[in-house]
Amino acid sequence: MTRFKTSAYAVVAAALVLGVTAPAAGAHDSHPSHGAHSSHEDHSSHEDHSSHRDSSSVPFTSATVTENADGSFTVAWSARGTHGVTIRTEGRTVARGGETGKVTVRGLRAVDRRWFDLVPARGTSLHLADRLIKLQGTVNFRDAGGYRTADGHWVKMGEIYRSDALHLLTADDLTKLRRLGIRTVFDLRMRSERDKDPDRVPAGASHVVADVLAGTPTFSGMPKTPAEAEAMMVEGNRFMVSGDTAKAAYTTVFDGIADEGRHGVLFHCTAGKDRTGWNNATLLTALGVPEKTVMDDYLASNTYRAAANEAVLSHLPPEQAAVYKPLLDVRPEYLDASFAEVREEYGSFRSYLKQGLGIDARELAELKRDLLVG
């Protein structure tokens, strides 16, 4: 390993694995607010994407679809200079609005996933759905796409997905995922996690092990204070950048993402927040998504997992819950630690992609052509 001693390896594993097997009950009791999973205006990115192409043909600066508790959908957008936007689903117009608008659409039939086309009066349309995939056996299964890049492209939805553990998927869940086109499942978990809770995958999908913590010794220790727990998480997030097994695992996933014939791709760990969170942060940053949007996507796990995490913490004595909570959370300082490790070890994010994950300029350009609209 680059900077991690073997004696610290088990501590890193503990930080990323301990206490994340919260029950799936109440999976959808706490749907994120509109801002928790929306796209945002431009912000500074971790990397200067000097190779960005002009994408003025996509006029939307923000756009989201949110499914509400009553089965209606709220569609919001901003596309200044377009002289109006038409909202369509299943080939028919369901709403119209101006350059900036927000509408609620009701009375639509139930489907596996409701897609909307946001069609501007001029320029390229967007094909969007709610980011959350509602399943009975998961709480944090969501689309990796639907975000705007710093140069005005949009990450396609319906191509790449991220999730928590899959062992509680029901037969109906599996059928739904098969209809949604899940072809390849990358399992980021340790062998002990895989043996305890084997993945259930849709019929016809391939299952690929990409163990971020492969070979980690058995661990049993827990931090004694919240500060120790936070420090463990920070170190764990640094490991996900520089650890040899982590680099090998994420290289495997990105090789799969780069293979157009394997879409849709799903990658997951146990909680869908740490190992999965860095995987998605890396993908979005590579595609040119701004820093703030990447952070918002990462922190959204706190909202999606709120009910499941509370189910764990509510059964612990207050002092123990205070120590345990940092292990269940995602926090800005955790993701910041990963990006700090990128800068310290590689100098730039582009160098991390090339030296750490084997993604050179040509492969990065191909990834953008494959996954970006505009």
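Roughly speaking, what is the stretch gain from residue 207 to residue 70, that is 0.36 nm per residue apart minus the C-alpha to C-alpha distance, in nm to one decimal? Kindly include the intermediate steps, with their values, before the conclusion.
On the way: separation 137, 0.36 × 137 = 49.32 nm, distance 3.51 nm.
Result for the pair: 45.8 nm of gain on full extension.
With a 1.4 Å probe and all protein chains kept in place, how do 247, 224, 292 rank by accessible area, largest first? Don't skip to the end; give the middle numbers.
Working: 247 40, 224 160, 292 85 Å².
Descending accessible area places them as 224, 292, 247.
Taking the highest mean first, how do the peptides 70-82, 92-104 order by number of other beta carbon atoms within 10 angstrom per residue?
Values: 70-82: 17.2, 92-104: 14.3.
Going by the mean number of other Cβ atoms within 10 Å, highest first, we get 70-82, 92-104.
Could you tell me the largest-minus-smallest coordinate of the C-alpha atoms of region 99-144 on each of the three principal axes, in descending order and whole angstroms?
Largest first, region 99-144 extends 41, 27, 16 Å along its Cα principal axes.
Under the 0.36 nm per residue contour assumption, what length would be gained going from the current alpha-carbon distance of residue 106 and residue 170 to full extension? Kindly include the intermediate steps, with their values, before the conclusion.
Details: separation 64, 0.36 × 64 = 23.04 nm, distance 2.80 nm.
Using 0.36 nm per residue and subtracting the Cα-Cα distance, I get 20.2 nm.
Among the lysines, which have Cα under 16 Å from the Cα of residue 224 when same-chain residues fewer than 8 positions away are ignored?
The qualifying lysines are 325.
I want the local charge near residue 90. Using Cβ-Cβ distances under 15 Å, sum +1 for each Lys or Arg and -1 for each Asp or Glu among the other residues.
+4
Please list, or write none, the lysines whose alpha carbon is within less than 22 Å of the alpha carbon of residue 176, excluding same-chain residues fewer than 8 places away.
Filter leaves 134, 156.
Going by average Cβ neighbours within 10 Å, how do the peptides 318-324, 114-120 rank, with the highest at the top?
Ranked from most to least packed, the peptides come out as 114-120, 318-324.
By a straight-distance test (C-alpha under 19 Å), which lysines pair with residue 247 as possible cross-link partners, with residues fewer than eight away in the same chain excluded?
Qualifying lysines at Cα under 19 Å: 5, 273, 354.
Normalising by the residue count of region 196-302, find the relative contact order in percent from Cα pairs under 8 Å and 6+ residues apart.
21 percent
Picking from 215, 225, 169, whose Cα lies most toward the positive end of the charge dipole for region 145-257 (charges on Cβ: Lys, Arg +1; Asp, Glu -1)?
Checked the options; the winner is 169.
Suppose R0 equals 45 Å; then what is the FRET efficiency for residue 369 and residue 83 from their Cβ-Cβ distance, rounded to the nearest 0.05?
Numbers: r = 30 Å, r/R0 = 0.66.
Given R0 = 45 Å and the Cβ-Cβ separation, E is 0.90.
The values are calculated or read from the model by the stated rules, or taken from the named source; none is laboratory data. Here the structure is a predicted model, which is why all the values come from computation and not from measurement. Here the Cβ is made from the backbone with ideal geometry for all residues, glycine too, and neighbour counts use every protein chain on show. For accessibility, only protein heavy atoms count, side chains too; no ligands or nucleic acids. Shrake-Rupley method; radii C 1.70, N 1.55, O 1.52, S 1.80 Å.
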